[in-house]
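The values are calculated or read from the model by the stated rules, or taken from the named source; none is laboratory data. Quick caveat: nothing in here was measured; it's all calculated off a predicted structure. Cβ coordinates were reconstructed from backbone atoms using ideal geometry, including for glycine residues, and neighbour counts include every protein chain displayed. These accessible areas exclude ligands, DNA and RNA; they are computed on the full protein's heavy atoms, side chains included. Shrake-Rupley method; radii C 1.70, N 1.55, O 1.52, S 1.80 Å.
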Amino acid sequence: MNRRKFSVIAFIALFISFLGAPLITQADAKTPDGELRVGMEAGYAPFNWTQKDDRNGAVQIQGDKAYAGGYDVQMAKKIADKMNRKLVIVKTEWDGLLPALQSGKIDAIIAGMSPTAERRKEVDFSDPYYESQLVIVTRKDSKYAKASSIKDFSGAKITAQLSTFHYSVIDQIPDVKKQEAMDNFPAMRVALESGTIDGYVSERPEGVTAASVNPDIMMVEFDEADGFQTNPEDVQVSVGMRKGDPDMAQINQTLAGISQDERVKIMDQAIKDQPAADETESTTTGKKENVFVRILKQNGSMFLRGTGVTLLLAIVGTTVGTLIGLLVGVFRTLPEASNGVKRGCQKAFGWLLNAYIEIFRGTPMIVQSAVIYYGIAMAFGIDLNRTAAALFIVSINTGAYMSEIVRGGIFAVDPGQFEAAHAIGMTHGQTMRKVVLPQVLRNILPATGNELVINIKDTSVLSIISVSELFFQGKSAAGTNYLFFQTYFIICVIYFVLTFTATRILRVVEKKMDGPSAYVRLDDVDVAVAEDK
């Protein structure tokens, strides 16, 4: 293997190592002194929600210009004050809360979480800071609207939130048609409104909120004998912390100082303060405003920031991924080294590249995100920056796909061009740079554009590591204002504008690379000039 070939391999290794820099440049995951990092969805009103300002005692969300409000936030403020710490709200998907706690990304979960026996195996819970009762939310025009017992929901299509005990109690309904669990309440409310389900199991505060802001749905309550049979901890809400956390005693002491009357008062105030209450007020006062305009006024800045994050991740990820694909493609075209040691190194590195491609093409990006962001923190104590980790994940995922696309682009070049280039004395590197790669770039441009469009959409899975991209912001808004169809329709339009614009820009680039639609041969011009004479 000559010096030029060795430099190509070294450059590839250096480039991939550079991509991995976000994984190793930060110190071990430790909470900054004086901070209490609390994780919550910020989309489960009235326990927690997202809003655009700090009114009603809301707290700014970490890494975002939006604020979190609700019952959980008020309780978190009381705990942080007693501990003489600054409260930091970390907005995280429900499924990401436990991994975030265990990996040290947050110090506590205050998100309406019940201390079930299953969760206690992995997490320590405080004394309860709220107790509620289970209800079923259904449509007013449903035959189940007049139900007074869970037995009246026999034959109904019922669901509940994923990873909650709500889903397990559905089995107590005789002959129920238990549906697949859904990962959040906005999804369940949309399914209920569309008729996909007949109802979902919830807690009374959420049911009160849903019924108050949507005239088409209602909450069905039950007497103790006719309702769900639960353990006391199932209807309690507690603070979740890592096993053996020494701060648990202080948190319990703080909660003991908050009377039951004060807790009820805080919850009642949260129901009044939630942004969805503004929708109810505008309806009862007769104020007429287009609902889409109202959503954009309330959440436009959130959508804009989410769009910016989505574009950043998609564009940078696609660009870096394409570079990875080109480098891997060039490496694969290197002739086999004559030296035995170098040939062995070449084959070993090629095997590693193949393993990288197969692993990242064969696993979902959402799983890669959880493993890289939370797994590395749990295994090595390394705290990753969310945005840097997201860029790394999208880049290496795209690089695995682009490697195969580039390989196809290289194979599409006529082998005779390789032979011709070598015949006139070009080295392998010169052949690739001056003859092959310019054609490959044109050949793979449509596929690269397709990867960009895919990345614009697939960045939505990064909400599991608390990246506030467009879909996560939209889901938070829908969980706050209860205008699910309208909010998701706006998000859908934004995604379409992004992907359509990206596609059109790439079409223009393709035409520029193709050159004029028709070329005139020089000998034809000479003939035409001769005939004129």
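Is it the case that some residue within segment 318-333 is farther than 27 Å from Ile491 by Cα, small (Gly, Ala, Ser) and open to solvent by 70 Å² or more (accessible area, probe 1.4 Å)?
Checked against the condition, which is being farther than 27 Å from Ile491 by Cα, small (Gly, Ala, Ser) and open to solvent by 70 Å² or more (accessible area, probe 1.4 Å), segment 318-333 yields no hits at all.
Which residues, taken from segment 369-393, are open to solvent by 40 Å² or more (accessible area, probe 1.4 Å), farther than 13 Å from Ala314 by Cα and either touching a Leu at 6+ places or on another chain (Cβ under 6 Å) or not hydrophobic (A, V, I, L, M, F, W, C) (or both)?
Those that are open to solvent by 40 Å² or more (accessible area, probe 1.4 Å), farther than 13 Å from Ala314 by Cα and either touching a Leu at 6+ places or on another chain (Cβ under 6 Å) or not hydrophobic (A, V, I, L, M, F, W, C) (or both): Asn385, Arg386.
Can you say whether Ser132 is over 18 Å from Glu41 (Cβ atoms) and among the hydroxyl-bearing types (Ser, Thr, Tyr), as far as the supplied structure shows?
It is false that Ser132 is over 18 Å from Glu41 (Cβ atoms) and among the hydroxyl-bearing types (Ser, Thr, Tyr).
Against the conditions (1) surrounded by fewer than 19 Cβ atoms within 10 Å (Cβ to Cβ); (2) closer than 28 Å to Asn443 by Cβ, where does Val341 fall short? Just the number, please.
(2)
Restricting attention to segment 495-513, which residues are closer than 25 Å to Ser476 by Cβ, aliphatic (A, V, I, L, M) and either open to solvent by 40 Å² or more (accessible area, probe 1.4 Å) or not in a helix (DSSP H, G or I) (or both)?
Answer for segment 495-513, where residues must be closer than 25 Å to Ser476 by Cβ, aliphatic (A, V, I, L, M) and either open to solvent by 40 Å² or more (accessible area, probe 1.4 Å) or not in a helix (DSSP H, G or I) (or both): just Val497.
Conditions (1) acidic (Asp, Glu); (2) open to solvent by 30 Å² or more (accessible area, probe 1.4 Å); (3) at negative phi, marked per residue:
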site	(1), (2), (3)
Gly409	no, no, yes
Ala412	no, yes, yes
Ala420	no, yes, yes
Ile424	no, yes, yes
Pro438	no, yes, yes
Glu451	yes, no, yes
Asn481	no, no, yes
Phe485	no, yes, yes
Ile491	no, no, yes
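Could you list all residues from segment 152-178 that are touching a residue at least 40 places away in the same chain (Cβ under 8 Å) and open to solvent by 50 Å² or more (accessible area, probe 1.4 Å)? Before the answer, list the steps.
Applying the first criterion (touching a residue at least 40 places away in the same chain (Cβ under 8 Å)) to segment 152-178 yields 153, 156-165, 169, 172.
Those that are touching a residue at least 40 places away in the same chain (Cβ under 8 Å) and open to solvent by 50 Å² or more (accessible area, probe 1.4 Å): Lys157, Leu162, Ser163, Gln172.
Run Gln430 past the list (1) open to solvent by less than 60 Å² (accessible area, probe 1.4 Å); (2) in contact (Cβ under 8 Å) with a residue 12 or more places away in the chain; (3) farther than 30 Å from Gly104 by Cα and report the number of the one that doesn't hold.
Result: Gln430 passes all but (2).
(1) surrounded by 15 or more Cβ atoms within 10 Å (Cβ to Cβ); (2) over 20 Å from Tyr482 (Cβ atoms); (3) modelled with pLDDT under 95: which one isn't true of Lys265, the others all being true?
(1)
Can you report the number of residues in segment 47-60 which are buried (at least 19 other Cβ atoms within 10 Å of the Cβ) and in contact (Cβ under 8 Å) with a residue 60 or more places away in the chain?
The number of residues fulfilling the criteria is 5.
Are there any pairs, at least 6 apart or on different chains, whose C-beta atoms fall under 8 Å, with the first in segment 498-511 and touching a residue at least 60 places away in the same chain (Cβ under 8 Å) and the second open to solvent by 40 Å² or more (accessible area, probe 1.4 Å) and of a type in the set (D, E, K, R), and if so, which?
Listed pairs, sorted by first residue: Glu510/Arg442.
Pick from Ala377, Ala348: which is farther than 27 Å from Leu462 by Cβ and of a type in the set (A, V, I, L, M)?
Residue meeting the stated conditions: Ala348.
Would you please list the contacts, defined by Cβ atoms under 6 Å and residues six or more apart or on different chains, that run from a residue in segment 356-377 that is within 15 Å of Val467 (Cα to Cα) and in contact (Cβ under 8 Å) with a residue 40 or more places away in the chain to a residue that is among the charged types (D, E, K, R) and assigned to a helix (DSSP H, G or I)?
Listed pairs, sorted by first residue: Met365/Asp458.
If we scan segment 197-211, do we find a residue that is under 30 Å from Ile251 (Cα atoms), open to solvent by 20 Å² or more (accessible area, probe 1.4 Å) and in contact with a strand residue (DSSP E or B) (Cβ under 8 Å, 6 or more places away or on another chain)?
There is at least one residue in segment 197-211 that is under 30 Å from Ile251 (Cα atoms), open to solvent by 20 Å² or more (accessible area, probe 1.4 Å) and in contact with a strand residue (DSSP E or B) (Cβ under 8 Å, 6 or more places away or on another chain).
With Ile173, Ile266, Ile197 as the choices, which residue is in contact with a helix residue (DSSP H, G or I) (Cβ under 7 Å, 6 or more places away or on another chain) and within 29 Å of Gly57 (Cα to Cα)?
Only one candidate passes the filter, namely Ile266.
Which strands (runs of 3 or more DSSP E) sit wholly inside segment 142-233 and have at least 2 residues that are aromatic (Phe, Trp, Tyr), in contact with a Ser or Thr (Cβ under 7 Å, 6 or more places away or on another chain) and at pLDDT below 95?
Fully inside segment 142-233 and qualifying: nothing.
Just one of (1) modelled with pLDDT under 95; (2) open to solvent by 50 Å² or more (accessible area, probe 1.4 Å) trips up Lys77, so point out which.
(1)
All but one of (1) crowded, with 16+ Cβ neighbours inside 10 Å; (2) of a type outside the set (Ser, Thr, Tyr); (3) touching a strand residue (DSSP E or B) at 6+ places or on another chain (Cβ under 6 Å) hold for Val190, so report the exception by its number.
With respect to (1) crowded, with 16+ Cβ neighbours inside 10 Å; (2) of a type outside the set (Ser, Thr, Tyr); (3) touching a strand residue (DSSP E or B) at 6+ places or on another chain (Cβ under 6 Å), Val190 is out only on (3).
Would you be able to tell me the number of residues in segment 347-364 that are open to solvent by 20 Å² or more (accessible area, probe 1.4 Å), part of a helix (DSSP H, G or I) and of a type outside the set (Lys, Arg)?
Residues in segment 347-364 being open to solvent by 20 Å² or more (accessible area, probe 1.4 Å), part of a helix (DSSP H, G or I) and of a type outside the set (Lys, Arg): 10 in total.
For segment 305-316, give me each residue that is open to solvent by less than 10 Å² (accessible area, probe 1.4 Å) and modelled with pLDDT under 95.
Selection gives Gly306 alone.
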